[in-house]
1. Taking the options 95, 86, name whichever one is over 22 Å from the mean Cα position of the chain (by Cα), over 17 Å from residue 20 (Cβ atoms) and free of Cβ contacts under 8 Å to residues at least 60 places away in the same chain.
2. Which residues, taken from the stretch 59-80, are in contact (Cβ under 8 Å) with a residue 24 or more places away in the chain and within 13 Å of the chain's Cα centre (by Cα)?
3. Looking at the stretch 38-54 only, could you name the residues that are under 22 Å from residue 17 (Cα atoms) and touching a residue at least 24 places away in the same chain (Cβ under 8 Å)?
4. Could you tell me which residue of the stretch 28-79 is surrounded by the most Cβ atoms within 10 Å (Cβ to Cβ), considering only residues that are in a loop (DSSP other than H, G, I, E, B) and in contact with a helix residue (DSSP H, G or I) (Cβ under 7 Å, 6 or more places away or on another chain)?
């Protein structure tokens with residue numbers, strides 16, 4: 001059996017998202033590893049900031065970004081996202097319970 005057929009028969013593994021950080025700039029957002037976020041944060045905390053930062057996002061894309069355009073760096077862990085989903089579900093359930101069926105919407 002050739003390697004192409006072997007590759008087709010292998011079950012596809014879903015990529016695991018895990019913990020990441022979002023770097024938000026004026027024009028775009030980038031998802032980076034915790035190590036990259038720490039390095040970027042250290043650059044931004046310096047009394048003298050570099051004009052540009054270079055980094056690689058989680059998809060392997062190389063990014064050159066002006067430090068003046070970085071607006072925030074936000075953590076997004078698996079536990080935070082799961083808690084957010086649970087909170088949204090509870091909020092929707094509460095809103096449905098408060099809704100009166102004779103209300104015109």
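Read the figures in this text as sums done on the coordinates, not as results from a lab. Predicted model only: the values in this text are computed from it and were never measured. Glycine gets a Cβ as well: all are built from the backbone with ideal geometry, and neighbour counts include every protein chain shown.
1. 95
2. 59, 72, 73, 74, 75, 76, 77, 78, listed by residue number.
3. Passing the criteria: 40, 41.
4. 49
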